[in-house]
Structures are given as C-alpha cells and as structure tokens.
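The values are calculated or read from the model by the stated rules, or taken from the named source; none is laboratory data. Bear in mind that the values here come from a model prediction, so they are computed numbers and not experimental data. Don't worry about glycine lacking a Cβ; one is built from the backbone with ideal geometry, like all the others, and counts go over all protein chains shown. Side chains are part of the model used for accessible areas, which takes the heavy atoms of the whole protein and leaves out ligands, DNA and RNA. Shrake-Rupley method; radii C 1.70, N 1.55, O 1.52, S 1.80 Å.
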Amino acid sequence: MKTPSPRIFISYRREDSAGDAGRLADHLNQRFGSASVFLDIDTIDPGADFERVLTSSLQETAAMLVVIGPRWTALVKTDGTRRLDDPADYVRREVEAALGRDIPVVPVLVQGAPLPRKEDLPESLAALVKRQVATLDHAEFRDDAERLCDRLAKVIVVEGRPGQRKWWKWWPAAAIVAAVALAFVVYQAMSGTGVTTGSTRSTTGAAATPPAVQLLLSEASEQRRRGQLVDALATLARARAQAPESDAARQLQQDVAMEWIRNVSVESGTSTFADAIKPGLTVIDAALASATGAQKADLQAHSGWAAFLMWRDGNRQLDPAQWYRDALKVDPANPYANAMLAHWMLFRGDDVDEAARLFEAALKSGRAKAAVRSLQWAAFGNTRGPESSRELVRLADAMRRDAERLTERQAQSLWAPYYFALSPSREAERQMLLGALPPDDHIKTLAWAFDDHFAGDESRRRMIRYYAALLNERAGRLPEAREQLAALGKELAGRPGSLQDAVQASLRRVGR
C-alpha cells in the first residue's frame, strides 16, 4: 500500500478566520497540491469518530498551521464560557495533539491579531507561544503566504512539485553582503569612470557599442531571462565601464534595475527591503539626475516603489504617492506610475473605483502590460471587499478578451471570491460578484479561467456549475437554471456542506 504523502494541517475557527484559512489553503494547494493540505476537520460527517479522524489525520501531518485571528481566544459557547477552556473544543484538541508530536506547529497571525499571551491559553497550549510565528498581512497576502510556503517546503516534499521557488524571489541575509558589494561596484563603474547615465544618446545606437560589449549585453540578457538579475546588473556594470556612451548598455541596465525593484522580496526576519533593493536602486538614483521624458517617469515610479518597500520595512515617514505623482507630472500616461499609484491606494484602503481608473490609464499607454497586470492582481487580490472582488472578475474578463493566459496563481486568487460568496451571510457580496459582468460574458470567463486549471477537481467544477446556473437565472433563463441546479442537487445528495445548502436555497427560489 502506498504511504500517504505528508500533509499540512490547517487549524482555524470559522467565526474567527475562515476567509484567511481558505485563502491560505488555496495558496498551499497551488504550491504543494491539494493532497498535501488538510482543512475543515469540523466538517466531517456527523456520525464519524472524531478521535479516529483526528488521530489518522495527524499521523499523516508534517506540519500544523494554527490560524489565529482577533477572536481566536475570545469566542464563547452559548453558556458564556470560552471555547478554548473546554477540553472537548475541537480547535484545542487539534493543537494539543500537534504540540504532543514532534512536528512544526506554526501560529499564523491574521487580521492584525497578536500572538496570544501564555496566561490567556490553557496550560496544554502554553507551548504555542514559544513557536516561530508567521504573519499574513491582507495587503501583501501572497508574498507573506509564499514566504510561509518556503519554510514549509523543508518538510513537505511532493513528487513532481518541487518546493523551491526561483532563487531571486527571496533574499537571504548572506546575500545582502553581496548585494551591497555589487551596489558599490555599480556605483564605481558609473561614477568613477565618467559614465553618464542620462538621456544623451549616440546617433548610431547599436553601432556605437563595441563587439566585446555586445557580448556582455547578450550575457546579461540571458541572465535576465533566467531571473539572475543581480548577476545581470554586475555584467552590465562591466559593460558600462567599457562603453560609457553605449545607449544599449545604459537602457538595458536601467530596465534590469527597475525589474529588480519590482520583483524583489525578502525572507521574513533575515533582511530588509532597503538592503535588498540596493543593487537596482543605485542604478535608478544615478540615472534620474539626467533622464527625461517617459524614461524619467519610469525611473521615478520605480523610485517610488522602492519607497513603498522601505515603508513596509517600517519607515512610515515615506509617502510613495509623492514619487508616483511626480512621475505623472512628467508623463501623465506612464504605465508604472499609474499602476503603482493604484496599488498604493488599495494598499491603504482607498477608493476601488479610482484605482480601477488608474489601472485602465496604465493599460491605455500600450507599454509594460505584464507589469501592470501583475500589479492589478496583487492589488485587487489582496484587498478585501465586494468591490475588489468585482474588479478581479472584470480583470479576468479583460484578459480573456485580449487572449491572455491566466496563471495558476491568478486562477486561485480569482477563485477565492466565489468560494467565500457561497455563505448565506454574504448575499450582497454574491450579488455584486454576479453583477460584475453581463451574464453571458461572465459564464465565458468562468469557463476560460477555471476549466483548465481545475479540470480534475470535481468539487470546484460543481461550484463553477452552480455559479453558471445563477448567471442563467440572472439572464432570465429560468428553465436552464432549474435544470442545472436540479442536476447539482442530485449529485450533492448525501454530501452536506455549503455548496449543497446554496444549491437547495437556489432551487427553492427558482422553483423545482
């Protein structure tokens, strides 16, 4: 018999952090596969033996994530006593069992919740406060979840799904020394040799670049293609030193520097963004002095993104919007400045409609579409609220119309609003989601977004069919909606859960 794969067990309270736990589970499913993630022990069949299911699940568990929101310790039973004080409380029993085993138990703090104090926990859970904590910030959920995945990859190895990610996506402390050294080399190459970094361009373009430098540019381009951006910057510093007036070397160096600033992230607790961005920021700062036009605006926008990253480090005196607005004064259509300003607005909880307008302005520029799309998914995907969910659906529809491809990560992000809108308490959010597009366009976008990514996941495919039925109802095609809902109702008979409840409620509304 095949040994079960080690799994990640997610423990959470529905009333405290169901949304965050669901998003985290989707992220883990994407990284490690759904067979490696266990969620919702509280939804097992009522007749099942809880102790047996818990013991069986924990035997296959390589790590437990305890998702803790603001109400995790405070939720009470009907008699007014805390759930956590009840020895039979299922969350308490899950965590107790995991702490009693030699596996990592990670408190995952969400919604700004602090780690519970030892005195607020039952004695059997006191060891939880000594475990290494992970934090999921809603505005940067993907990055935080991916850093958590990197930690888990050391204990979760799934055949055919390597846990490692591209090396440049995280920046360990040892590499900071190399980054600072590279920044110094770049600075020397650009200033000590008399390199000019502005917009002075040779009239002969590529012809002004010596053959040896052309080889360096080709090497740097390949390094960039592989994601080796620090290596590419070092190669380009050599190229600039050998050919200070080379337009091609200058442009490629600035482009790579900006790409580094946009994509860098750090390993939590080991380094800061301020250190990690130095290789790229050195180039950008030097180039800004004499750049003009759209290129100057590009550089200013990325300088603003650097300010945003340092703001995340804790420097709250910085206001990235100032850089973005300065860039827009130079080039009102600048894609980076418009998109980054929109991202910042949503990060700060500002107007979703205004952010959508800025993203649209960025796309109309006709430049940097991939970067704009990435910022759109990050901004709308990490922002709570029905308005952001609506814009996420519209974003997917726009990509479908433009014949773009949806990544698996983007499909997971798009899935979350539909999943959580199933709850009866989220009727208003569900209606806004359904109204994001005309029904026929919405049905096409659902199929385009999910058919390939969730081809083998029957549970998710049923949910897609449920939403297609609701959209047919919305379009006035009641017979078709009834038929689809009735078919789902038969398939879900004997399968209690939120989807079955939603299907039955819809059948009562449209008539059987």
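Taken over segment 325-360, the criterion of being over 23 Å from the mean Cα position of the chain (by Cα) and of a type outside the set (D, E, K, R) is satisfied by A327, L328, V330, P332, A333, N334.
Would you call R401 open to solvent by 30 Å² or more (accessible area, probe 1.4 Å) and modelled with pLDDT of 90 or more? Yes, satisfied. Give the residue that is modelled with the highest pLDDT, with candidates limited to residues of segment 406-435 that are open to solvent by 20 Å² or more (accessible area, probe 1.4 Å) and among the aromatic types (F, W, Y). Per the stated criteria, the residue is Y419. The set of residues in segment 436-456 that are among the aliphatic types (A, V, I, L, M) and either within 14 Å of M399 (Cβ to Cβ) or surrounded by 18 or more Cβ atoms within 10 Å (Cβ to Cβ) (or both) comprises A436, L437, I443, L446, A447, A449.
Results for (1) aliphatic (A, V, I, L, M); (2) at pLDDT 95 or above, shown as yes or no for each residue.
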{"site": "A248", "(1), (2)": "yes, no"}
{"site": "V256", "(1), (2)": "yes, yes"}
{"site": "V264", "(1), (2)": "yes, no"}
{"site": "E267", "(1), (2)": "no, no"}
{"site": "T270", "(1), (2)": "no, no"}
{"site": "A274", "(1), (2)": "yes, no"}
{"site": "P279", "(1), (2)": "no, no"}
{"site": "I284", "(1), (2)": "yes, yes"}
{"site": "A289", "(1), (2)": "yes, no"}
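R426 passes every criterion in (1) part of a helix (DSSP H, G or I); (2) touching a Phe, Trp or Tyr at 6+ places or on another chain (Cβ under 9 Å); (3) over 20 Å from A18 (Cβ atoms) apart from (3).
The conditions of being at pLDDT 90 or above, aliphatic (A, V, I, L, M) and closer than 18 Å to V330 by Cβ are not met by A237. Screening segment 11-104 for helices (runs of 4 or more DSSP H) wholly inside it with 1 or more residues that are modelled with pLDDT of 85 or more returns the ranges 14-32, 90-99.
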